[in-house]
1. Let me have the 222 nm mean residue ellipticity of chain B computed from DSSP H runs of 4+ only, each contributing -39500 (n - 2.57), with the sum over all residues rounded to the nearest 500.
2. Let me know the mean shielding of B:36-45 by other chains, meaning the per-residue number of their Cβ atoms within 10 Å of its Cβ.
3. Residue separation times 0.36 nm, minus the C-alpha to C-alpha distance between residue A:293 and residue A:137: what's the value?
4. What is the magnitude of the charge dipole of chain B about its Cα centre, with +1 placed on the Cβ of each Lys and Arg, -1 on the Cβ of each Asp and Glu, and no other charges, expressed in debye to the nearest 20?
5. For the cross-link pairs A:63/A:297; A:297/B:14; A:104/A:137; A:72/A:203; A:63/A:159; A:70/B:49, which exceed 30 Å when the distance is taken from alpha carbon to alpha carbon?
6. What is the local net charge at residue A:95, summed over the other residues whose Cβ is closer than 15 Å to its Cβ (Lys, Arg +1; Asp, Glu -1)?
7. How large is the dipole of the protein assembly as shown about the Cα centre if only Lys and Arg carry +1 and Asp and Glu carry -1, each at its Cβ, rounded to the nearest 20 debye?
8. How high is the FRET efficiency from residue A:199 to residue A:63, r the C-beta distance, R0 22 Å, rounded to 0.05?
Amino acid sequence: MDLFYPVQVFADWFTYQLFGLDAVSRLGSSVNFFVYDTIKILVLLLLITHLMGAVNTLFPIEKVREYLAKNKLFGLEYVIASLLGTVTPFCSCSSVPLFIGFVKGGIPLGVTLAFLISSPLVDGVVIAMLLGLFGAKVTAVYVLTGIAISVIAGYILGKLNLERYLADWVTALEGDKLNLGTEHTENSSFIRSVSSEAFTIFKRVYLYVLVGVGLGAFIHGYVPTDFFETHVGADNVWSVPIAVLVGVPLYASAAGVIPIAQALVAKGISLGTILAFMMATVGLSVPEGLMLKKVMKWQLLVTFFGVVTFAIILSGYIFNSIL
Amino acid sequence: MTIQVLGSGCMTCKTLFENTKQAVAELSLDAEVEYITDIQKIIEMGYLKTPILTVNGNAVLVGGLPSVEEVKELLEGTE
């Protein structure tokens with residue numbers, strides 16, 4: 001039983017009855033696809049951002065830091081940092097204060113980086129989009145792989161003793177001057193703060209969803225099914241690394257990229273390659289690198305990007321062999 | 001009344017600064033709105049998320065992007 005069956009009924013009515021479009025025409029199928037996918041994704045987005053907002057209100061980032069700094073967890077701290085990264089909404093503008101706040105708050109560099117990797121890579125918006133467009137199985141594989149990447153890459157980076165490559169001003173910053181026990185004076189109720197956080201995210205991405213799904217719908221309706229097989233050729237061993245290396249510098253909203261990715265998969269590009277491309281796009285980017293350059297020397301920045309890029313390429317091959 | 005918007009210079013922070021200026025104008029408050037991008041200062045305040053909106057040195061909002069109307073509510077709540 002498809003939970004979204006009523007949405008399909010509505011999309012069919014909207015496209016074929018109200019607008020009188022032909023179900024087998026390109027325009028008809030594109031519009032139908034657009035209406036169905038947009039409604040489905042926006043509903044999922046509202047649900048998941050509320051869920052994440054609830055977790056995030058219960059475990060605010062300041063408490064997370066306190067917990068990670070005070071407890072010896074014998075390696076489990078990488079997993080915890082990475083899981084907490086997934087429920088923390090990521091804004092690249094917060095990455096710098098977050099990074100310093102963690103490192104100077106006594107959290108090991110590797111654990112901080114695990115958090116920094118998983119936060120954009122596995123995020124509520126990404127999960128909602130994947131669920132809506134690719135289904136539960138692909139979403140589960142993506143989420144588990146994303147967490148694995150951040151744990152493993154964080155662990156490796158932690159073992160490399162890269163602390164000396166923090167920017168000098170960060171090293172000079174005295175940790176005990178920081179106000180670690182910041183208590184938030186929350187004056188709004190739990191439900192209100194969850195909802196306002198969820199709607200903040202919703203407002204930030206809904207436009208990208210519309211544009212992304214619109215482009216995806218266009219590809220679905222107008223690009224011939226065997227287009228990529230004819231023009232690009234079957235996937236070869238290099239397609240994963242090339243897709244990842246193209247995706248790394250790109251900065252794009254997951255909400256815009258995922259619908260296009262789904263349409264490309266429907267037209268014959270292999271799923272694993274596309275997932276790896278998506279990970280590279282949402283996980284790393286030039287603007288994020290420029291932000292982090294303020295707190296890292298280039299040795300650390302390059303190692304960080306290198307290890308994560310390598311891990312994403314590896315997962316691309318894993319995706320292609322199991323999906 | 002001193003109002004400050006602290007951020008790392010990203011789009012969200014700039015928009016909050018603009019919204020705050022407009023809110024102050026619409027409420028015709030006697031206040032100067034300052035925009036601070038000194039990361040060190042944000043860190044010393046102990047916050048991990050940006051942007052931050054402060055009124056007379058007290059943070060009234062950390063993270064998130066309120067609309068002009070919501071900023072007005074926040075500012076009115078501090079009077």
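1. Per the formula, -12000 deg cm²/dmol.
2. Mean number of neighbouring Cβ atoms from other chains: 4.
3. That works out to 52.5 nm of additional length.
4. Around 340 debye, computed over chain B.
5. Over 30 Å apart, Cα to Cα: A:104/A:137; A:72/A:203.
6. +3
7. It works out to roughly 1000 debye.
8. Once rounded, the FRET efficiency stands at 0.45.
Every read-out reported here was derived from the displayed coordinates using simple, explicitly stated rules and does not represent laboratory data. In this text, all values refer to a predicted model and were calculated from it rather than measured experimentally. All Cβ positions, even for glycine, are placed from backbone atoms using ideal geometry, and neighbour counts span all protein chains on display.
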